[in-house]
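Trainee: Encoded as structure tokens, here's the structure I'll be asking about.
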Amino acid sequence: MSTRREFLKTVVGGGMVLGAAQLPWLSACSHGDHESGERKPLAIPGNFAGGMLVASVLPNTHSGIGTQPWTFGSSTPAPTIRVSKGDTFSAQLVNQLGDPTNIHWHGVLTPADMDGHPQDAVLSGASKTFRYPVQNRAGTYWYHPHASMTSGKQVYLGMAGFYIVQDSEEQALGLPSGEFDVPLMIQDRRLAPGSTGYNPTMTDMADGYLGDTITVNGVPNSYFEVATGLYRFRLLNAANARIFRLRFDDGRPFVVIATDGGLLDAPVSTDLLWLGPGERVEILVDFSKDAMSASVMLHSRAFTSGLSGGGHAGHGGGGATTGVLPQGAAVEVIRFDVKRAATSSAKIPTKLALLEKLDPNTATKTRTFELAMREGATMGMHTINNKVFDMARVDEQMSSRATEVWEFKSLDAGGIHPMHVHGMQFQVVSRSGGALNANDLGWKDTVLVFPMETVRVVARAGTYPGLFLLHCHTLEHEDDGMMLNVQIV
Ligand code: C2O
Ligand code: CU
Ligand code: CU
């Protein structure tokens, strides 16, 4: 049930209050969470600071994948890259997949030829060295393949990892660290008996490839043992298509400290958080008042993914693939079990980082991107400004460092589109559907656009010239061509 309370968001250090948002699709689906079976301990991916990174298919099955995993560094999730702002990052991708691939460093500003454009695919048997200076603010970014029409398959089969940047401003804040700083990659997969690999149907291409089981760091139905202290969780939605509406089962508030592009200026307290594919958010969660052996579940609350009556076949959950959890189903994400007394004394800071606020009034241009579904098409069902992706066509040109207002205008009543841009970050200005969400604050590279909604952002182009991409991060929509080339000149 939706309650008034969950919309009341207060700011710890700032004074802004966020109001209700997206009311039309917050219908109160009142069925409970999808029941999950036995829960397994969370795994934390290993670290990677650079060097050789082999892309390969592992012969064995893996509990979190249910089929032969496709991997970077023989691990799924891929190893976590940890770098500091100012470092030169360098990795040599060696492609042993038997399929073209490449790497996109999602949210990380890189030269165009390092950004994983499908034009720069690395053929099977070939390799490519990526090398660039890390210019991003401290934050939670990620990496995944971006070859032509195969992002959905390769990410689904296991190729995605965290890319964590730290800087001195962040280090001075005394945020929870070490075992209290935990990356959580949320995905869903089809693990029911008989599921094999990645075989999207037409419905899956329309709705996105939805699973029957939620995994965190590749572990299905996971739990994580915590101490009675303050934790920093870095949440990444690396699902192909599933959108999460996160809340703890006891409704406890938690504190948002960072979004896609790193730290906010001040912490924001909330108890509900939308997280679309591609988005990240860092939250502080306090277990210090919990009893030893208490358990608290992070779950995703039900929502309606399309406006009633406005959907097309396959949207809104009605025509979903048998056995999968429809978009918007209530699901359990991960359970936290309180097991030890805390050894950390980290506190919630009142101020975070310097955050430049872009003024939409200084924008030199406004661009509108119309997002639509074409009925009856078998390919190119999803369009931006009536176009389907063409790798060689330049769709938009933008000057480096230009500040522009971009308007994502959904003409699709049947689905939610997480819109993502490469080569730059933006700040969300407004939503026609209501107030901003807690995850709309700060620097962003991905934003949810709800059915028939117009989301305005103010974007600032990066410094590197060349071809970058704008696309829907529902990976089946991206692979179906819901993507444009943005050339920075
Ligand atoms: Cu995470 Cu172009 O994508
Ligand atoms: Cu990206
Ligand atoms: Cu989409």
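Trainee: Mind checking which residues of segment 158-180 are in a loop (DSSP other than H, G, I, E, B) and within 19 Å of the chain's Cα centre (by Cα)? Break it down into steps so the answer makes sense when it comes.
Mentor: Taking segment 158-180 as the starting set, the residues that turn out to be in a loop (DSSP other than H, G, I, E, B) are 158-160, 167, 172-177.
Residues satisfying the conditions are Gly158, Met159, Ala160.
Trainee: Please tell me if Gly14 is part of a loop (DSSP other than H, G, I, E, B), at pLDDT below 95 and out of contact with any Phe, Trp or Tyr (no Cβ under 9 Å at 6 or more places or on another chain). Let's see the steps before the verdict.
Mentor: Working: part of a loop (DSSP other than H, G, I, E, B): yes; at pLDDT below 95: yes; out of contact with any Phe, Trp or Tyr (no Cβ under 9 Å at 6 or more places or on another chain): yes.
Here the answer is yes, as Gly14 does meet what is asked.
Trainee: Kindly check whether there is at least one residue in segment 221-236 that is part of a loop (DSSP other than H, G, I, E, B), closer than 20 Å to Thr270 by Cβ and in contact (Cβ under 8 Å) with a residue 40 or more places away in the chain. Before the answer, list the steps.
Mentor: If we filter segment 221-236 for residues that are part of a loop (DSSP other than H, G, I, E, B), which is where we start, we get 221, 228-229.
If we keep only those that are closer than 20 Å to Thr270 by Cβ too, we end up with none.
Among the residues of segment 221-236, not one is part of a loop (DSSP other than H, G, I, E, B), closer than 20 Å to Thr270 by Cβ and in contact (Cβ under 8 Å) with a residue 40 or more places away in the chain, which makes the answer no.
Trainee: Moving to a separate point now. Checking Met379 against (1) buried (at least 18 other Cβ atoms within 10 Å of the Cβ); (2) of a type outside the set (Val, Ile, Thr); (3) over 19 Å from Ala239 (Cβ atoms), only one condition comes out false. Which one?
Mentor: Tallying (1) buried (at least 18 other Cβ atoms within 10 Å of the Cβ); (2) of a type outside the set (Val, Ile, Thr); (3) over 19 Å from Ala239 (Cβ atoms), Met379 fails exactly one: (1).
Trainee: Please verify whether Phe389 is within 16 Å of ligand 2 (Cβ to nearest atom), in a loop (DSSP other than H, G, I, E, B) and under 30 Å from Thr150 (Cα atoms), treating the condition exactly as stated.
Mentor: Working: within 16 Å of ligand 2 (Cβ to nearest atom): yes; in a loop (DSSP other than H, G, I, E, B): yes; under 30 Å from Thr150 (Cα atoms): yes.
Considered against the rule, which asks whether it is within 16 Å of ligand 2 (Cβ to nearest atom), in a loop (DSSP other than H, G, I, E, B) and under 30 Å from Thr150 (Cα atoms), Phe389 comes out as yes.
Trainee: Can you tell me which condition Gln327 does not meet? The list is (1) buried (at least 17 other Cβ atoms within 10 Å of the Cβ); (2) over 22 Å from the mean Cα position of the chain (by Cα); (3) more than 16 Å from ligand 1 (Cβ to nearest atom), and all the others hold.
Mentor: (2)
Trainee: Then there is this: Could you identify the single residue in Val458, Val429 that is open to solvent by less than 20 Å² (accessible area, probe 1.4 Å), in contact (Cβ under 8 Å) with a residue 60 or more places away in the chain and either within 16 Å of ligand 1 (Cβ to nearest atom) or not hydroxyl-bearing (Ser, Thr, Tyr) (or both)?
Mentor: On the way: Val429 fails: open to solvent by less than 20 Å² (accessible area, probe 1.4 Å).
Just a single option satisfies the conditions, and that option is Val458.
Trainee: Looking only at residues in segment 92-120 that are crowded, with 22+ Cβ neighbours inside 10 Å and of a type in the set (Gly, Ala, Ser), which one is nearest to His144 (Cα to Cα)?
Mentor: Gly116
Trainee: Ok, one more. Looking only at strands (runs of 3 or more DSSP E) that fall completely inside segment 249-293, which ones have 2 or more residues that are more than 16 Å from ligand 3 (Cβ to nearest atom) and surrounded by 19 or more Cβ atoms within 10 Å (Cβ to Cβ)?
Mentor: Ranges flagged: 254-259, 262-270, 280-286.
Trainee: Limited to segment 181-206, what total is found for residues that are open to solvent by less than 10 Å² (accessible area, probe 1.4 Å), of a type outside the set (D, E, K, R) and not in a strand (DSSP E or B)?
Mentor: Within segment 181-206, residues that are open to solvent by less than 10 Å² (accessible area, probe 1.4 Å), of a type outside the set (D, E, K, R) and not in a strand (DSSP E or B) number 1.
Trainee: Return the residues of segment 124-180 that are among the polar types (S, T, N, Q) and open to solvent by 10 Å² or more (accessible area, probe 1.4 Å); say none if nothing qualifies.
Mentor: Result: Ser124, Ser127, Thr129, Gln135, Asn136, Ser148, Thr150, Gln166, Ser168, Gln171, Ser177.
Trainee: Residues in segment 403-415: is at least one part of a strand (DSSP E or B), modelled with pLDDT of 95 or more and β-branched (Val, Ile, Thr)?
Mentor: Restricting attention to segment 403-415, the residues satisfying the condition of being part of a strand (DSSP E or B) are 403-410.
This time we only want the ones that are modelled with pLDDT of 95 or more, so: 403-410.
Now narrow it down to the ones that are β-branched (Val, Ile, Thr): 403, 405.
Yes, segment 403-415 contains a residue that is part of a strand (DSSP E or B), modelled with pLDDT of 95 or more and β-branched (Val, Ile, Thr).
Trainee: On to the next question. Are any residues in segment 399-417 surrounded by fewer than 24 Cβ atoms within 10 Å (Cβ to Cβ) and either under 14 Å from the mean Cα position of the chain (by Cα) or aliphatic (A, V, I, L, M) (or both), and if so, which ones?
Mentor: Ala402, Val405, Leu411, Ala413
Trainee: Right, Leu358: at pLDDT 95 or above and over 18 Å from the mean Cα position of the chain (by Cα) or not?
Mentor: The answer is yes for Leu358.
Trainee: Would you confirm, using the coordinates I've provided, whether Gly434 is more than 14 Å from ligand 2 (Cβ to nearest atom), open to solvent by 10 Å² or more (accessible area, probe 1.4 Å) and not basic (Lys, Arg)?
Mentor: Working: more than 14 Å from ligand 2 (Cβ to nearest atom): yes; open to solvent by 10 Å² or more (accessible area, probe 1.4 Å): yes; not basic (Lys, Arg): yes.
Yes; evaluated as a whole, the condition is true for this residue.
Trainee: If only one of Asn240, Asn221, Asn217 is polar (S, T, N, Q) and open to solvent by 10 Å² or more (accessible area, probe 1.4 Å), which one is it?
Mentor: Numbers: Asn240 fails: open to solvent by 10 Å² or more (accessible area, probe 1.4 Å); Asn217 fails: open to solvent by 10 Å² or more (accessible area, probe 1.4 Å).
So the residue among Asn240, Asn221, Asn217 that is polar (S, T, N, Q) and open to solvent by 10 Å² or more (accessible area, probe 1.4 Å) is Asn221.
Trainee: Separate question: Tell me, yes or no, whether segment 464-473 has at least one residue that is more than 21 Å from the chain's Cα centre (by Cα), part of a strand (DSSP E or B) and either without any contact (Cβ under 8 Å) to a residue 60 or more places away in the chain or within 14 Å of ligand 2 (Cβ to nearest atom) (or both). Even if it seems obvious, please write down each step before you answer.
Mentor: Our first condition is that a residue be more than 21 Å from the chain's Cα centre (by Cα); within segment 464-473, this holds for 464-467.
Retained after the next criterion (residues that are part of a strand (DSSP E or B)): 466-467.
If we keep only those that are either without any contact (Cβ under 8 Å) to a residue 60 or more places away in the chain or within 14 Å of ligand 2 (Cβ to nearest atom) (or both) too, we end up with 467.
Within segment 464-473, one or more residues are more than 21 Å from the chain's Cα centre (by Cα), part of a strand (DSSP E or B) and either without any contact (Cβ under 8 Å) to a residue 60 or more places away in the chain or within 14 Å of ligand 2 (Cβ to nearest atom) (or both).
Trainee: Quick check, is Gly208 farther than 30 Å from Lys339 by Cβ, within 13 Å of the chain's Cα centre (by Cα) and within 16 Å of ligand 1 (Cβ to nearest atom)?
Mentor: No; evaluated as a whole, the condition is false for this residue.
Trainee: Next up: Somewhere in segment 418-425, is a residue open to solvent by less than 20 Å² (accessible area, probe 1.4 Å) and small (Gly, Ala, Ser)?
Mentor: Within segment 418-425, the subset open to solvent by less than 20 Å² (accessible area, probe 1.4 Å) is 418-424.
Those left that are additionally small (Gly, Ala, Ser): 423.
Yes, there is a match, as at least one residue in segment 418-425 is open to solvent by less than 20 Å² (accessible area, probe 1.4 Å) and small (Gly, Ala, Ser).
Trainee: So, in segment 359-398, how many residues would count as being closer than 26 Å to Met452 by Cβ and either basic (Lys, Arg) or touching a residue at least 40 places away in the same chain (Cβ under 8 Å) (or both)? Don't jump to the end; show me each part of the working.
Mentor: Just the residues of segment 359-398 that are closer than 26 Å to Met452 by Cβ, to begin with: 360, 363, 365-389, 395-396.
Next, only the ones that are either basic (Lys, Arg) or touching a residue at least 40 places away in the same chain (Cβ under 8 Å) (or both) stay: 360, 363, 365-375, 378-385, 387-389, 395-396.
So the answer is 26.
Trainee: Residues being assigned to a loop (DSSP other than H, G, I, E, B) and open to solvent by less than 30 Å² (accessible area, probe 1.4 Å): count how many of those fall in segment 444-455.
Mentor: Taking segment 444-455 as the starting set, the residues that turn out to be assigned to a loop (DSSP other than H, G, I, E, B) are 445, 450-453.
When the remaining residues are screened for being open to solvent by less than 30 Å² (accessible area, probe 1.4 Å), the result is 445, 450-451, 453.
Result for segment 444-455: 4.
The values are calculated or read from the model by the stated rules, or taken from the named source; none is laboratory data. Keep in mind the model is a prediction, meaning the values are calculated, not measured. Counting neighbours? That spans all protein chains shown, and the Cβs are built from the backbone with ideal geometry, glycine included. Quick note on the areas: whole protein, heavy atoms, side chains included, nothing else; ligands and nucleic acids left out. Shrake-Rupley method; radii C 1.70, N 1.55, O 1.52, S 1.80 Å.
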